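Quick notes on the structure that follows.
The values are calculated or read from the model by the stated rules, or taken from the named source; none is laboratory data. Here the structure is a predicted model, which means the values were calculated and not measured. Note: ideal-geometry Cβ built from the backbone for every residue, glycine included; neighbour counts use all protein chains shown.
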Amino acid sequence: MTVTVTQPAIGGPQLPQERRLVTEIPGPLSRNLAARKDGAVSSAVGTMLPVYVAAAGGGVVVDIDGNSLIDLGSGIAVTTVGNSNPRVAEAVAAQAAAFTHTCFMITPYDGYIEVAEALNRLTPGDHDKRTALFNSGAEAVENAVKIARSHTGRQAVVAFDHGYHGRTNLTMALTAKSMPYKSGFGPFAPEVYRAPMSYPFRDGGADGVTAARRAIEVIEKQVGAANLAAVVIEPIQGEGGFVVPAPGFLPALAAWCTANGVVFVADEVQTGFARTGDLFACEDEGVVPDLIVTAKGIAGGLPLAAVTGRAEMMNAPHAGGLGGTYGGNPIACAAALAVFESIEADGLVDRAGQIGATLAERLTALQAADARIGDVRGRGAMMAIELVEPGTTEPDAALTQRVAAAAHAQGLVVLVCGTWGNVLRFLPPLSIPDHLLTEALDVLERIFKDS
């Protein structure tokens, strides 16, 4: 299947922007590599769609068999500005030619400082801020908790139902879903508590303020504000099913934290850097977090993460208390600065809004025609559909897997998520051209008619 390119992609290699299937999915060369993977890589490291990649850019991923798939995953919201974005590739090459590593804690360099200055400027709020750089979202979340505990002198941390924060010991404790993230890996870090999330599709009509009041009551009764260092929350939950809390939930929660001296931590690992139609998802309701955690889309595919927040909180740990050998690697910092430039120069915040409008319109129309689609939700280029038994909220994970498998076979990279495994999520790169997004939704519509 091929189409004519009608809109140039933003950034990335000059690949034909088309869905092209020349073999079955996966093809013979990918199957050969999959067999080699089985003989070399731990079976605990799974692959969702075992097509082995040769190139990617714009809105496509091209495998070693020559198939060109429409990318609706962005490496789980990482290649937001486009795979191999030209600014990122050029910046990485220049920095690699200069030096690849010295460790900022030993002999520092300006790239780290420039990224910190940019994050201090770009993140919500005009208060005095500081930033520390790390390698992954989980590492950054863990350090945000360390900072909050150091600042408050308290130990307890609250996370939320359906939340996902990482795979380290502490972030597994924060994460709600057992399988595959926590099962068999305990015991977990202590002093972590869970509160109910605002989940409009399953809340029986509770508004955001009511849902926040319910969560706060649980926190006050089970933890106590005087013991609580931090509340950690995704403004839109990612792995938990792209759950968008009802309006008013986040502001009420943040206000309660401020009134009680609790650090409000926004985990924007998946929602940050233009993904939701704002630079950060918190901005939709004007929420200003005390600490904001970023990763994934920050560096165009290179490992980098950050904690940015109020100066008095970020400066609370003792000297040497934060850091790491690779944190703020110079190549990753160069990539991040190029990402920030691309978001502004290419108008990617607006582009995310345009993609979101297309996704919302088409998915809502699909829902109207198919009672198995219980909910359409998300913002910007972060949208999802929740699949259920018609007329109920009973999750239909089997249907979700069938639809995902059919989409993969027809050349769409789509992801499954949700506490019950019944949510299809859509995270296209903001470089995807309109015709590819339209074709992907056409294919998805046919799959639902045939499923």
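Which residue, of GLU283, GLU268, is among the acidic types (Asp, Glu), in contact with a Ser or Thr (Cβ under 9 Å, 6 or more places away or on another chain) and within 18 Å of GLY75 (Cα to Cα)? So that I can check it myself, show each step before the final result.
On the way: GLU283 fails: within 18 Å of GLY75 (Cα to Cα).
After applying the criteria, what remains is GLU268.
If only one of LEU302, LEU337 is of a type in the set (A, V, I, L, M), surrounded by fewer than 21 Cβ atoms within 10 Å (Cβ to Cβ) and under 18 Å from GLU139 (Cα atoms), which one is it? So that I can check it myself, show each step before the final result.
Numbers: LEU337 fails: under 18 Å from GLU139 (Cα atoms).
Checking each option against the conditions leaves just LEU302.
Residue by residue, here is whether (1) over 16 Å from LYS129 (Cβ atoms); (2) in a loop (DSSP other than H, G, I, E, B); (3) touching a His at 6+ places or on another chain (Cβ under 8 Å); (4) in contact (Cβ under 8 Å) with a residue 12 or more places away in the chain holds:
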site	(1), (2), (3), (4)
GLN237	yes, yes, yes, yes
GLY240	yes, yes, yes, yes
PRO251	yes, no, no, yes
ALA255	yes, no, no, no
ALA266	no, no, no, yes
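Give the number of residues within region 147-205 that are among the acidic types (Asp, Glu) and either crowded, with 22+ Cβ neighbours inside 10 Å or over 19 Å from the mean Cα position of the chain (by Cα) (or both). Outline the logic, then answer.
Filtering region 147-205 down to residues among the acidic types (Asp, Glu) leaves 161, 191, 203.
Restricting the remaining residues to those that are either crowded, with 22+ Cβ neighbours inside 10 Å or over 19 Å from the mean Cα position of the chain (by Cα) (or both) gives 191, 203.
Qualifying residue count for the region: 2.
Return the residues of region 124-156 that are within 15 Å of GLY324 (Cβ to Cβ) and either not in a helix (DSSP H, G or I) or not hydrophobic (A, V, I, L, M, F, W, C) (or both); say none if nothing qualifies.
Listed by number, the residues that qualify are THR131, ALA132, LEU133, PHE134, ASN135, SER136, GLY137, GLU139, GLU142, ASN143, LYS146.
Is it the case that region 85-92 has a residue that's hydrophobic (A, V, I, L, M, F, W, C) and within 30 Å of ASN169 (Cα to Cα)? Spell out how you get there, then give the answer.
Just the residues of region 85-92 that are hydrophobic (A, V, I, L, M, F, W, C), to begin with: 88-89, 91-92.
Remaining after also requiring within 30 Å of ASN169 (Cα to Cα): none.
No, region 85-92 contains no residue that is hydrophobic (A, V, I, L, M, F, W, C) and within 30 Å of ASN169 (Cα to Cα).
Regarding region 102-112, can at least one residue be identified that is in a loop (DSSP other than H, G, I, E, B), of a type in the set (A, V, I, L, M), at negative phi and not assigned by TED's automatic domain parsing to the domain that holds ALA254?
No, region 102-112 has no match at all.
Output the residues belonging to region 241-270 that are closer than 19 Å to ALA384 by Cα and surrounded by fewer than 19 Cβ atoms within 10 Å (Cβ to Cβ).
ALA246, PRO247
Condition check: under 25 Å from THR131 (Cβ atoms), touching a residue at least 24 places away in the same chain (Cβ under 8 Å) and surrounded by fewer than 22 Cβ atoms within 10 Å (Cβ to Cβ). Does THR102 satisfy that? Lay out the reasoning, then the answer.
Working: under 25 Å from THR131 (Cβ atoms): yes; touching a residue at least 24 places away in the same chain (Cβ under 8 Å): yes; surrounded by fewer than 22 Cβ atoms within 10 Å (Cβ to Cβ): yes.
Against the criterion (under 25 Å from THR131 (Cβ atoms), touching a residue at least 24 places away in the same chain (Cβ under 8 Å) and surrounded by fewer than 22 Cβ atoms within 10 Å (Cβ to Cβ)), THR102 qualifies.
List every residue pair whose Cβ atoms sit under 6 Å apart, with the two residues 6 or more apart in sequence or on different chains, where the first one lies in region 218-231 and is under 14 Å from GLY153 (Cα atoms) and the second, anywhere, is surrounded by fewer than 20 Cβ atoms within 10 Å (Cβ to Cβ) and modelled with pLDDT of 95 or more.
ALA225/ASN260; ALA229/ARG149; ALA229/THR152
The conditions are (1) touching a Pro at 6+ places or on another chain (Cβ under 8 Å); (2) assigned to a helix (DSSP H, G or I); (3) buried (at least 24 other Cβ atoms within 10 Å of the Cβ), and ASP284 fails exactly one of them. Which is it?
For ASP284, the failing item is (3).
Can you go through ALA336, ALA409, ALA404 and tell me which one is closer than 28 Å to SER68 by Cα, in contact (Cβ under 8 Å) with a residue 24 or more places away in the chain, touching a strand residue (DSSP E or B) at 6+ places or on another chain (Cβ under 9 Å) and not charged (D, E, K, R)? Walk me through it before giving the result.
On the way: ALA409 fails: touching a strand residue (DSSP E or B) at 6+ places or on another chain (Cβ under 9 Å); ALA404 fails: in contact (Cβ under 8 Å) with a residue 24 or more places away in the chain.
Exactly one of ALA336, ALA409, ALA404 is closer than 28 Å to SER68 by Cα, in contact (Cβ under 8 Å) with a residue 24 or more places away in the chain, touching a strand residue (DSSP E or B) at 6+ places or on another chain (Cβ under 9 Å) and not charged (D, E, K, R), namely ALA336.
Got a sec? Which helices (runs of 4 or more DSSP H) wholly within region 341-451 have at least 2 residues that are touching a Gly at 6+ places or on another chain (Cβ under 6 Å) and either aromatic (Phe, Trp, Tyr) or surrounded by 19 or more Cβ atoms within 10 Å (Cβ to Cβ) (or both)? Let's see the steps before the verdict.
Details: elements: 348-369, 397-409, 434-450.
Helices (runs of 4 or more DSSP H) meeting the threshold: 348-369.
If I ask for residues that are over 20 Å from ILE147 (Cβ atoms) and of a type in the set (D, E, K, R), which ones from region 242-295 would you list?
ARG275, ASP278, GLU283, ASP284, GLU285
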